[in-house]
Amino acid sequence: MEAKLSRAAKKLTTSPIQELSHLAQCCNAINLAEGFPDFPAPPHIKNAAVSAINSDFNQYRHVQGICDYLSQMVKEIHGLDINPLTDVAICCGQTEAFAAAIFATIDAGDEVILFDPSYETYEGCITMAGGVPVSYLLPIFISNFIHVPLDPPQWTLDPSKLLRSLTERTKAIVLNSPHNPTGKVFTKEELETIARACCSQDCLAITDEVYEHITYDTVKHISLATIPGMQERTVITSSLSKTFSVTGWRVGWAIGPAFLASAIRNIHIKVTDSAPAPFQEAALTALRSPPEYFQTLKSDYQSKRDFIVKLLAGVGFKIQFIPQGSIFLFAELPEDCLLSDVEFVKKLILEAGVVAVPGQGFFHANLSSNGISEGSCSYQKRYIRFAFCKSHETLAAVSERLGNLLNGEGFLR
Ligand SMILES: Cc1ncc(COP(=O)(O)O)c(C=O)c1O
């Protein structure tokens with residue numbers, strides 16, 4: 001009967017990395033793999049949700065106030081004019097907003113440009129929609145496609161690589177900034193390069209800005225939609241999940257020109273009808289949080305970032321890129337470590353009781369079928385992603401457990 005599964009379902013299989021999660025559970029490992037906080041959500045937001053349930057906001061619901069607040073915020077932060085009645089679709093998290101944006105725009109055979117590395121869920125959505133999530137043609141091997149690589153160690157965007165990836169079938173470019181897994185925040189110049197590509201090719205941009213409020217030092221997040229010519233062709237997706245430490249609430253949104261927002265809303269209504277009613281109500285309280293809330297969010301995360309950078313650099317990881325935003329550190333294995341990323345994570349789980357994510361899952365360039373990368377691709381198996389959205393106690397426990405992996409000189413053995 002398995003043959004009855006659709007082609008899309010057959011493609012969405014569990015990855016070897018999910019097997020590591022199973023091993024981690026068996027070993028009761030501290031979880032630095034997944035990007036959700038292990039500390040409590042802010043009390044004022046939790047109280048708003050409890051009160052919404054008690055006030056019987058428990059039925060299908062569209063909370064227009066969310067669209068009104070988002071329009072105000074987008075005006076204040078980015079200077080963009082958004083019509084709250086037509087340009088916003090509330091969805092179940094960024095994940096559904098992104099999927100609906102893809103289904104609203106991508107037909108079979110359309111090409112969608114992704115950067116490499118990138119967050120894993122985009123590719124699955126694009127494939128389900130029949131799109132081709134690959135675009136960058138290697139000049140010699142015409143049949144080899146890869147994503148547009150960001151160049152390590154700073155994960156810079158080379159404009160010529162992006163331009164070479166455009167074809168007459170390019171329908172959209174997906175941009176995630178602040179970026180998972182690297183913590184990169186795209187610069188204004190890079191955004192202008194992407195905007196030039198979109199405008200010259202007359203294609204759309206779909207952005208994932210879930211870490212919009214989590215940036216460090218003096219780095220500022222700039223929305224691609226603010227670059228001239230882009231608002232009319234950009235769908236911004238984001239959510240409450242990361243900004244308010246409520247990844248389980250499933251409230252997110254897509255913001256874009258009315259024709260796109262309306263198509264996304266129609267898909268959302270057909271698939272889930274509405275986001276959870278009490279959490280939409282609580283979103284009103286969350287979005288109204290005072291400026292100090294957002295400042296504390298940044299400064300708390302910045303001290304967690306500093307802690308994990310110091311900890312991992314101290315034991316020999318090569319940290320050539322300090323995260324400028326998001327909640328992840330993409331750390332390179334020490335030069336003298338002969339293990340691959342997957343082998344290292346296995347050892348990390350078994351010997352230290354800590355789990356992180358092998359970096360190769362975020363890369364999409366051709367890796368050989370035996371799993372060993374070749375030639376210039378080998379850096380793709382040298383990174384480990386650590387999520388530092390964890391309490392001080394958790395991070396301190398990680399520091400202690402890492403001791404099990406160190407030699408007499410205090411370096412990873
Ligand atoms: C880049 C990125 N986008 C989206 C999400 C998921 O967002 P949501 O919970 O709003 O669906 C995550 C979660 O880790 C993420 O890292």
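Being under 15 Å from ALA283 (Cβ atoms) and either within 16 Å of the ligand (Cβ to nearest atom) or surrounded by 14 or more Cβ atoms within 10 Å (Cβ to Cβ) (or both) is the requirement here; does ILE90 meet it?
On the way: under 15 Å from ALA283 (Cβ atoms): yes; either within 16 Å of the ligand (Cβ to nearest atom) or surrounded by 14 or more Cβ atoms within 10 Å (Cβ to Cβ) (or both): yes.
In short, yes.
Taking THR182 as the residue in question, decide whether it is surrounded by fewer than 23 Cβ atoms within 10 Å (Cβ to Cβ) and either within 16 Å of the ligand (Cβ to nearest atom) or outside the structural domain of ARG305 (by TED's automatic domain parsing) (or both). Working first, answer last.
Values: surrounded by fewer than 23 Cβ atoms within 10 Å (Cβ to Cβ): no; either within 16 Å of the ligand (Cβ to nearest atom) or outside the structural domain of ARG305 (by TED's automatic domain parsing) (or both): yes.
So THR182 does not fit the description; no.
Scan region 262-281 and tell me whether some residue there is part of a helix (DSSP H, G or I), under 24 Å from ILE53 (Cβ atoms), at pLDDT 95 or above and polar (S, T, N, Q).
So far as region 262-281 goes, yes, one or more of its residues are part of a helix (DSSP H, G or I), under 24 Å from ILE53 (Cβ atoms), at pLDDT 95 or above and polar (S, T, N, Q).
Over 18 Å from ILE66 (Cα atoms) and in contact with a helix residue (DSSP H, G or I) (Cβ under 6 Å, 6 or more places away or on another chain): is that true of ALA263 in this structure? I'd like the intermediate steps shown before the answer.
On the way: over 18 Å from ILE66 (Cα atoms): yes; in contact with a helix residue (DSSP H, G or I) (Cβ under 6 Å, 6 or more places away or on another chain): yes.
Yes.
If you scan region 238-265, which residues turn out to be more than 8 Å from the ligand (Cβ to nearest atom), polar (S, T, N, Q) and touching a strand residue (DSSP E or B) at 6+ places or on another chain (Cβ under 9 Å)?
Of everything in region 238-265, just one residue is more than 8 Å from the ligand (Cβ to nearest atom), polar (S, T, N, Q) and touching a strand residue (DSSP E or B) at 6+ places or on another chain (Cβ under 9 Å), namely SER262.
Which of the residues belonging to region 220-237 are touching a strand residue (DSSP E or B) at 6+ places or on another chain (Cβ under 7 Å) and β-branched (Val, Ile, Thr)?
Hits for region 220-237 are THR234, VAL235, ILE236, THR237.
I'm trying to understand the selection: among the residues of region 104-121, which are assigned to a helix (DSSP H, G or I) and either away from the ligand (no atom under 11 Å from the Cβ) or crowded, with 22+ Cβ neighbours inside 10 Å (or both)?
As a first pass, look at region 104-121 and keep what is assigned to a helix (DSSP H, G or I): 104-105, 121.
Those that are assigned to a helix (DSSP H, G or I) and either away from the ligand (no atom under 11 Å from the Cβ) or crowded, with 22+ Cβ neighbours inside 10 Å (or both): ALA104, THR105.
Can you name every residue in region 326-352 that is closer than 30 Å to LEU297 by Cα, touching a Lys or Arg at 6+ places or on another chain (Cβ under 6 Å) and among the small types (Gly, Ala, Ser)?
Within region 326-352, the first condition is being closer than 30 Å to LEU297 by Cα, and the residues that meet it are 326-333, 345, 348-349, 352.
Now drop any that are not touching a Lys or Arg at 6+ places or on another chain (Cβ under 6 Å), which leaves 328, 330, 332-333, 352.
Once the filter is applied, which keeps residues that are closer than 30 Å to LEU297 by Cα, touching a Lys or Arg at 6+ places or on another chain (Cβ under 6 Å) and among the small types (Gly, Ala, Ser), region 326-352 yields only ALA352.
Within 22 Å of ASP81 (Cβ to Cβ), within 14 Å of the ligand (Cβ to nearest atom) and within 22 Å of the chain's Cα centre (by Cα) - does that describe any residue in region 313-324?
no
Give the residue that is surrounded by the fewest Cβ atoms within 10 Å (Cβ to Cβ), with candidates limited to residues of region 26-39 that are away from the ligand (no atom under 16 Å from the Cβ) and not in a loop (DSSP other than H, G, I, E, B).
It comes out as CYS26.
Are any residues in region 40-65 in a loop (DSSP other than H, G, I, E, B) and over 21 Å from the mean Cα position of the chain (by Cα), and if so, which ones?
Result: PRO40, PRO42, SER55, ASP56, PHE57, ASN58, GLN59, TYR60, ARG61, HIS62, VAL63.
Determine which single condition ILE126 fails, assuming it passes every other condition in (1) within 13 Å of the ligand (Cβ to nearest atom); (2) among the aliphatic types (A, V, I, L, M); (3) closer than 29 Å to ILE384 by Cα.
In the conditions (1) within 13 Å of the ligand (Cβ to nearest atom); (2) among the aliphatic types (A, V, I, L, M); (3) closer than 29 Å to ILE384 by Cα, ILE126 misses (1) alone.
In region 289-313, how many are farther than 29 Å from LEU240 by Cα and in contact with a helix residue (DSSP H, G or I) (Cβ under 9 Å, 6 or more places away or on another chain)?
2
Taking the options SER143, SER160, name whichever one is modelled with pLDDT of 90 or more, more than 22 Å from the chain's Cα centre (by Cα) and either surrounded by 22 or more Cβ atoms within 10 Å (Cβ to Cβ) or not in a strand (DSSP E or B) (or both).
Values: SER143 fails: modelled with pLDDT of 90 or more.
That would be SER160, the only listed residue that is modelled with pLDDT of 90 or more, more than 22 Å from the chain's Cα centre (by Cα) and either surrounded by 22 or more Cβ atoms within 10 Å (Cβ to Cβ) or not in a strand (DSSP E or B) (or both).
Pick from TRP249, TRP253: which is in a strand (DSSP E or B), of a type in the set (Phe, Trp, Tyr) and surrounded by 23 or more Cβ atoms within 10 Å (Cβ to Cβ)? First the steps, then the outcome.
Numbers: TRP249 fails: in a strand (DSSP E or B).
Testing whether each residue is in a strand (DSSP E or B), of a type in the set (Phe, Trp, Tyr) and surrounded by 23 or more Cβ atoms within 10 Å (Cβ to Cβ) leaves just TRP253.
What's the total number of residues in region 192-233 that are away from the ligand (no atom under 16 Å from the Cβ) and not basic (Lys, Arg)?
Of the residues in that region, 25 qualify.
Given (1) surrounded by fewer than 18 Cβ atoms within 10 Å (Cβ to Cβ); (2) under 21 Å from GLY130 (Cα atoms); (3) in contact (Cβ under 8 Å) with a residue 60 or more places away in the chain, identify the lone condition not met by LEU23.
All conditions pass for LEU23, except number (2).
Yes/no per residue for (1) assigned by TED's automatic domain parsing to the domain that holds PRO278; (2) among the β-branched types (Val, Ile, Thr); (3) in a loop (DSSP other than H, G, I, E, B):
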position: ASP81; (1), (2), (3): yes, no, yes
position: ALA89; (1), (2), (3): yes, no, no
position: ILE102; (1), (2), (3): yes, yes, no
position: GLU123; (1), (2), (3): yes, no, no
position: THR127; (1), (2), (3): yes, yes, no
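Could you tell me which numbered condition LEU329 fails, if it satisfies all but one of (1) within 16 Å of the ligand (Cβ to nearest atom); (2) in contact with a Cys (Cβ under 7 Å, 6 or more places away or on another chain)?
Unmet condition: (2).
Tell me yes or no: at least one residue of region 283-305 is assigned to a helix (DSSP H, G or I), hydroxyl-bearing (Ser, Thr, Tyr), within 16 Å of the ligand (Cβ to nearest atom) and modelled with pLDDT of 95 or more.
Yes, region 283-305 has at least one match.
The values are calculated or read from the model by the stated rules, or taken from the named source; none is laboratory data. Computed from a prediction, not measured in an experiment: that's the story for all the values here. Cβ: placed from backbone, ideal geometry, glycine included. Neighbour counts: every protein chain shown.
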